[in-house]
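Right, one structure below, let's go through it.
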Amino acid sequence: MEGVPLRLPSPVMELDDERITRHGIRLFLKRDDLINPEIPGNKWRKLKYNIATARDREISTLLTFGGTYSNHIRATAAAGYYFGFRTIGVIRGEEHHHLNESLAYATSRGMSLTYMGRSTYRLKDSAQILDMLRKQFGDFYLIPEGGSNSAAVRGCAELPEEIDMNFDIICCACGTGGTLAGISAGLKPRQRALGFSALKGGDFLTKDVARLQRSSIGRVLANWSISTEFHFGGFARRKPELDAFISTFKQRNGIMLDWIYVAKMMFGIYSLAERGFFPEKSKVIAVVTG
């Protein structure tokens, strides 16, 4: 799409890390974090067809939801700036006089922020709340929290076909399930997708991925699963063990991992490799979503 420079297909690089290679596994990174610095990775893939749909419907305003540190809020603000949409971010929690870096960036890209108390925020998808928002802001194209909907699944389904090699399993971090639902839909026979929940109690993601696949492709595929044990205490939480892994990974591979999502996935991949989860000679892809 015109309006913003995109590095597509995003590059694929093989890791030369003895902690993986000693198990007879080849591990490759799909560097979606390099697609664009302001709309990286799965954020671009999720927004691509949402933007196209809003344009087709001649709707000039995008409205979405997120927390105070939401990368999705940042990316939606950037997309609105580059593609000529008014953007509104409905932020969970109370208004703060001093914006953090994420929200300050969003406003710098023209996004209008409004705040919603947590009890009301839980009902954000209800007709009553959406009607209230339309009375306040006028007509808008709704993008759900995290960006996961049928249009997002369509965008993420394009990822596997960019990989010009045969592989056995592809891994991604999971927050709302849209990336995993889409990647699964784009796989060839005998390939599998493995998601890593960044949230504590992430079993609900199985239902969310299934729902997204039903709404987008009409059926639930059997080529994916979700690991829920590598959340390190829950969303946006971390432990010294994860920090040590991030530091060592940077020293060995020259890449600083995002600790909220990607580092938890990578820690999980290394741990599963140590347990013999991946068959010898497996080619594993890890999506660096940014």
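Since every read-out is calculated from the coordinates, none of them should be taken as a lab result. Note that the structure is predicted; figures quoted are calculated from it, not measured. Because the Cβ atoms are built from the backbone with ideal geometry, glycine has one as well, and the counts that use them run over all protein chains shown.
Kindly indicate whether Phe85 is within 28 Å of Leu180 (Cα to Cα), in contact with a Pro (Cβ under 8 Å, 6 or more places away or on another chain) and not polar (S, T, N, Q).
no
Any idea which of Ala151, Ala79, Ala173, Ala104 is of a type outside the set (Ser, Thr, Tyr) and without any contact (Cβ under 8 Å) to a residue 12 or more places away in the chain?
Sole residue among the options that is of a type outside the set (Ser, Thr, Tyr) and without any contact (Cβ under 8 Å) to a residue 12 or more places away in the chain: Ala104.
When the stretch 79-123 is examined, which residues are found to be in contact with a strand residue (DSSP E or B) (Cβ under 7 Å, 6 or more places away or on another chain), of a type in the set (Lys, Arg) and surrounded by fewer than 16 Cβ atoms within 10 Å (Cβ to Cβ)?
Hit for the stretch 79-123 is Arg118, nothing else.
Could you give every pair whose Cβ atoms fall below 7 Å, whose first residue belongs to the stretch 229-249 and is small (Gly, Ala, Ser), and whose second residue is assigned to a loop (DSSP other than H, G, I, E, B), counting only separations of at least 6 or pairs across chains?
Going by the 7 Å Cβ cut-off, the qualifying pairs are Gly233/Lys200; Gly233/Lys239; Gly234/Leu199; Gly234/Lys200; Ala236/Tyr69; Ala236/Ile260.
Just give me the residues in the stretch 207-222 being out of contact with any Leu (no Cβ under 8 Å at 6 or more places or on another chain) and buried (at least 19 other Cβ atoms within 10 Å of the Cβ), in sequence order.
Selection gives Asp208, Leu212, Ser216.
Return only the number of the condition from (1) buried (at least 16 other Cβ atoms within 10 Å of the Cβ); (2) closer than 14 Å to Met265 by Cβ that Ser225 does not satisfy.
Failed condition: (1).
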